[in-house]
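Taking it in order: structure first as structure tokens, then the write-up.
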Amino acid sequence: MDPSRPPLGRGSFLSSSVHAATALLLLLVLLATLLRLPISITPRAPAPAGLADQRSQDPQQQAGCDPASPLDCADPRLFHLMMRRAIDAFPAVHFARFGRPVPGDPPSSSCDMAWRARSDSDDPSKATTKDYRRFAVARDPRTCAYSVLSIGEYHSGPNARKPRRAATNATIAPPPPPALSRSQFTRGSYLAYLGGGDRCKPMPHYLRSLLCALAEARYLNRTLVLDLTLCLAASYAAAGTGGMPEEGKRLAFYVDVDHLNSQVPIIEQSQFWADWDRWGVQGQLRARLVEDTRIPPVKFSKVRDTLIVRKFGDVEPGNYWYNVCEGEAKGVLRPMRRVIQWAPSLMHIVDDIVSRMQPDFDSVHIDANGEDLRRRVEEGLNAGRQVYVAGEGVNSALVEALKAKLTVHHLDEFEDLWGTDSKWFLEMRRLNGGVPVEFDGYMREVVDREVFLRGKKKAEVLR
């Protein structure tokens with residue numbers, strides 16, 4: 001035996017075994033990595049009861065939430081919670097359909113939701129009722145769990161209200177009408193009214209004459225040439241105007257012109273005469289002049305002239321437009337009341353006033369005065385009811401006297417809806433080319449009357 005070589009004993013054997021075991025362990029680790037098997041075999045401590053389910057079902061809740069951030073009103077869990085709370089809060093309501101919630105005000109703690117409910121009314125047009133309310137919602141800062149704190153009053157959630165088509169169009173100033181090409185203009189047939197004594201008359205007079213002109217245009221199947229501005233009578237002048245008639249008022253301030261044009265084609269007067277000067281006066285287009293308002297339209301219903309002009313004289317009342325629809329023409333020219341609808345901007349104000357009151361409010365229209373006026377008003381109403389008072393006979397003294405027995409509302413209470421910060425004011429200024437528009441006497445009259453008509457029980461006190 002070579003004394004320089006170490007003896008082969010147990011130590012060497014163990015050393016070789018350790019190396020072999022290490023190599024085997026490395027091989028197993030490599031194999032486990034390739035097969036994506038868990039390397040650690042240390043058992044994990046069980047999660048507290050309920051935590052594992054919460055972590056797997058809603059990962060967002062692990063990190064908590066910021067109560068000041070906007071609510072996710074589209075969250076299905078919140079939607080179902082709001083529906084359950086509404087059903088529990090109003091057991092007498094027969095819900096038919098719920099709308100998707102939308103952010104309320106403030107968006108961090110409220111959502112607005114609309115619904116339809118079945119009505120007990122025998123009127124088929126009122127088979128369902130609509131409501132939209134604001135839900136106050138809280139969130140747990142740790143778990144983000146939702147809870148509904150309260151539900152607002154009737155129509156308290158306007159963000160969930162479906163906008164009317166006309167209302168949507170009213171928020172944008174209408175573009176100027178496109179100019180007609182020569183071929184388009186010459187293919188048309190037109191009816192124009194010139195002169196007359198209807199200017200600056202009260203609105204019922206003006207609308208009566210306008211309806212007559214529209215009726216004749218429809219009967220003759222012609223486009224009506226119409227001045228889309230009007231002169232507002234002095235009786236409707238806003239405060240500070242000196243009580244004088246106001247020229248240049250746009251018809252669109254009062255009437256839904258888009259609806260009007262959909263019923264009877266109209267063309268703006270200045271645009272028409274500019275086109276006529278370019279193409280009509282060259283002799284290629286024919287015009288017929290009618291100077292007697294007593295001539296009924298049946299006399300010229302088959303003429304093929306491009307333009308028919310009714311010219312009115314200077315002597316009142318024979319020069320009023322509505323005279324065309326009297327006499328022999330009365331049987332064929334029936335004024336179409338439904339072509340006149342109030343401007344969407346005014347109806348928005350009506351809707352907002354109604355939404356601030358209970359849905360079953362009563363209303364009274366007062367067109368009288370005298371010492372016994374309070375007694376006459378109270379006779380037609382039930383004590384304790386919420387009442388809207390409308391009409392020329394309303395004044396602050398009467399309102400205060402009625403408050404002893406009734407919850408009274410009147411138009412001036414809602415003047416913020418047409419103030420300088422209101423949506424109406426901004427829409428009208430945009431429609432008027434940047435020039436502010438006053439909420440004049442006829443606008444007040446329209447809104448006042450329309451709110452009165454929305455009352456559940458309506459009474460009138462007349463002279």
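Tabulated results
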| item | result |
| --- | --- |
| Local net charge near D198, Cβ-Cβ under 10 Å (Lys/Arg +1, Asp/Glu -1) | +2 |
| Point-to-point label distance, S270-K458, nm (Cα→Cβ direction, 7 Å offset) | 3.8 nm |
| Rounded to whole Å, sorted largest first: equivalent-ellipsoid semi-axes of the range 322-378, Cα gyration tensor | 36, 23, 9 |
| Length released on extending from D227 to V309, taking residue separation times 0.36 nm less the Cα-Cα span | 28.1 nm |
| Cβ-derived FRET efficiency at R0 45 Å, S189 paired with E392, nearest 0.05 | 0.55 |
| Sulfur and carbon atoms: percent of accessible area, the range 390-439 [1.4 Å] | 49 percent |
| Burial order of peptide ranges 441-453, 423-435 (average beta-carbon count within 10 Å, highest first) | 441-453, 423-435 |
| FRET efficiency, A74 to T129 (Cβ-Cβ, R0 35 Å, nearest 0.05) | 0.90 |
| Where N is the number of residues in the range 222-363, Cα Rg divided by 2.2 N^0.38 Å | 1.36 |
| Between the range 386-422 and the range 262-327, the alpha-carbon center distance in angstrom | 45 Å |
| For peptides 359-366, 187-194, 315-322, sequence by mean Cβ density within 10 Å, most packed first | 359-366, 187-194, 315-322 |
| Per-selection Rg to Rh, the range 353-438 - Cα, Kirkwood hydrodynamic radius | 1.10 |
| Reach of K457 by Cα under 19 Å, taken over lysines that are not fewer than 8 positions away in the same chain | K126, K403, K405 |
| Candidate lysines - alpha carbon under 17 Å from K201, same-chain residues fewer than 8 apart omitted | K249 |
| Accessible-area order (highest first, 1.4 angstrom probe) of the listed residues D277, D227 | D277, D227 |
| Among beta bridges that DSSP assigns inside the range 179-281, antiparallel share in %, nearest 5 | 35 percent |
| Stretchable slack from T407 to A136, in nm (0.36 nm times residue separation minus alpha-carbon distance) | 94.9 nm |
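The values are calculated or read from the model by the stated rules, or taken from the named source; none is laboratory data. For clarity, every value in this text was computed on a predicted model and none was experimentally measured. Cβ sites come from the backbone with ideal geometry, for glycine too, and all protein chains shown count toward neighbours. Surface accessibility is based on the protein's heavy atoms, side chains included, excluding ligands, DNA and RNA. Shrake-Rupley method; radii C 1.70, N 1.55, O 1.52, S 1.80 Å.
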